[in-house]
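See below for the structure under consideration.
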Amino acid sequence: MARDLKNFLDKLESIKNSLSEEINKITTSSELDQIRIKFLGRKGELAKVMKGLPHLPKEYKPEAGKVANKIKNVITNLIEQKQLELEEQGAKRGQIDITLPGREQFIGSLHPITITIQEICSVFKSLGFEIVTGPEIETDFYNFEALNIPKDHPARDMQDTLYISENILLRTHTSPLQVRTMLKTTPPVAAIAPGKVYRRDSDLTHSPMFHQIEGFLVDKDVNMGDLRGTLTYFVQHIFSSDTKVRFRPSFFPFTEPSAEVDISCVICNGSGFVNGSPCRVCKQTGWVEILGCGLIDPEVFKAVSYDPEKYSGFAFGLGVERVAMLKYGINDLRIFFENDIRFLNQFTDFPV
Ligand code: DAH
């Protein structure tokens, strides 16, 4: 029995000896690679001997295992040492330029649209809004009907909406999340809903898929002042604390009254000029539009069984690409979707 152990240990010893012999003869690192495979590889010399370990009598296994590990370490060290030796020799002969800079590690970063969504969400989160999401494939009810958009409304035009069937479509806005959330909750409720939306539109300033963030709040006695205060807070946190906000009357079927919100142009600071030339972003007006909003129409409350006599609320919807373009001074929408690494690399302050 003891002979089995001796036999096993002898084999290990002889592997070590033949490695020491062979390693002395080699002169290149590809030869060293071959040696590494021959001795340490999955089907190498050491692995072959190790196959015998399970067949040893139980009492010899700990000793055999210990020696095998030791030999493996010795072999690994010898190979590593040789590797260093070869590199040093190569450097002396000028084959390896040790003055070359190390290889750079490339770290991915968040996409500017993702960064913008996260920043906007965190501003509203700090105000107590919860974040909700919903399906991109919607029904006519959530996307239109419950939002007081009747069958003959121009927003339903085949030009704009990507229909899957008569009743199923790709959502054209994030407003369906108002309906989905309100149906599940009783007031007070304050939520924002970021997500992708789709329209049959594609040119310099329109993409068939883009991102919106919907926001809404329902409680007792909510008024336009609350909306204005909330949006001003948001705008001044996303842009700068002196950004001005202006409301212009507008129309949306799901809000009454409705408004479009402009902010003082963040490119020219509202002056209309950049270095003496007319500002191209605000076309010299000093203002840029950033979102639509209003007080939630009683018809929407009826669709979700909220009592319009008891509750009121505000809602708003903004385009994420638009905010990102203003924030980062980008003038071409398409650059967000081309994934040109030279563009994306500029956002490495925001690692994944
Ligand atoms: N859903 C609108 C759109 O896509 C944006 C919008 C406007 C959302 C006014 C709102 C709102 O919640 O109150 O054009």
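Odds and ends about this structure:
- Sequence-separation-based contact order of the chain, relative, with Cα cut under 8 Å and 6+ spacing, percent: 16 percent
- Percent of alpha-carbon pairs separated by more than 21 Å within region 112-347: 58 percent
- Accessible surface of Tyr163 - all protein chains present, 1.4 Å probe, nearest 10 Å²: 70 Å²
- Per residue, the convex hull around the alpha carbon atoms of region 233-352 comes to 165 Å³.
- Cysteines having no other Cys beta carbon under 4.7 Å from their own, within the chain: Cys121, Cys293
- Per-residue accessible area (protein heavy atoms, 1.4 Å probe) orders Lys38, Lys82, Lys11, Lys92 as Lys92, Lys11, Lys38, Lys82, starting from the largest.
- ³J(HN,Hα), Karplus 6.51/-1.76/1.60, whole Hz, each residue of region 142-147, x for Gly, Pro: 6, 6, 10, 3, 5, 9
- For the residues Asp152, Asp201, a 1.4 Å probe over the protein chains yields an accessible-area ranking, largest first, of Asp152, Asp201.
- Approximate shape of region 33-75 as ellipsoid semi-axes (Cα gyration tensor, √5λ), whole Å, largest first: 22, 12, 4
- Accessible area per residue in Å² at 1.4 Å probe, computed on the chain: 58 Å²
- With both labels modelled 7 Å from their Cα along Cα-to-Cβ, the Lys184 to Phe343 distance reads 3.3 nm.
- For Leu162, the residues 5 or more places off, or on other chains, whose built amide H falls under 5 Å of its own are Leu170, Arg200.
- Going by accessible surface with a 1.4 Å probe and the largest first, His237, His111 read His237, His111.
- Cα extents of region 93-155 along the three principal axes, largest first (Å): 82, 31, 18
- Sequentially through region 128-137, phi angles give Karplus couplings (6.51, -1.76, 1.60; θ = phi - 60°) of x, 6, 9, 9, 10, 9, x, x, 7, 8 Hz, Gly and Pro residues having no value and appearing as x.
- Residue-level accessible surface for Leu84, protein heavy atoms, 1.4 Å, Å²: 110 Å²
- Directionally averaged projected area (convex hull, Cα atoms, region 50-156), nm²: 20.4 nm²
- Anchor Lys70: lysines whose Cα lies under 21 Å away (excluding residues fewer than 8 positions away in-chain): Lys6, Lys11, Lys16, Lys38, Lys43, Lys48, Lys51, Lys58, Lys61, Lys82
- Fraction of accessible area attributable to carbon and sulfur, the chain (%, probe 1.4 Å): 52 percent
- Residues of type lysines that Lys220 reaches as a straight line, Cα spacing below 23 Å, ignoring anything fewer than 8 places off in the same chain: Lys125, Lys184, Lys302, Lys310
- In whole percents, the pair-distance distribution calculated for region 2-92 from its alpha-carbon pairs, binned every 5 Å from zero, is 3, 13, 25, 21, 15, 10, 7, 4, 2, 1, 0.
- Distant-in-sequence amide contacts of Trp287, defined by a placed amide H-H separation under 5 Å and a gap of 5 or more residues or a different chain, comprise Cys265.
- Per-pair calculated FRET efficiency, R0 = 45 Å: Ile37 and Tyr328 via Cβ, rounded to 0.05: 0.30
- Modelled FRET efficiency - R0 56 Å, Glu256 with Arg103, Cβ distances, 0.05 increments: 0.35
- Inter-part distance, region 125-195 to region 223-274, computed on C-alpha centroids, equals 23 Å.
- Rounded to whole Hz, the Karplus (6.51, -1.76, 1.60) HN-Hα couplings of region 310-319, x for glycine and proline: 9, 10, 9, x, 10, 9, 8, x, 10, x
The values are calculated or read from the model by the stated rules, or taken from the named source; none is laboratory data. These figures come from a predicted structure and were not determined experimentally. All Cβ positions, glycine included, derive from the backbone under ideal geometry; neighbour counts span all protein chains shown. Accessible surface is based on the protein model in full, side chains and every heavy atom, while ligands, DNA and RNA are left aside. Shrake-Rupley method; radii C 1.70, N 1.55, O 1.52, S 1.80 Å.
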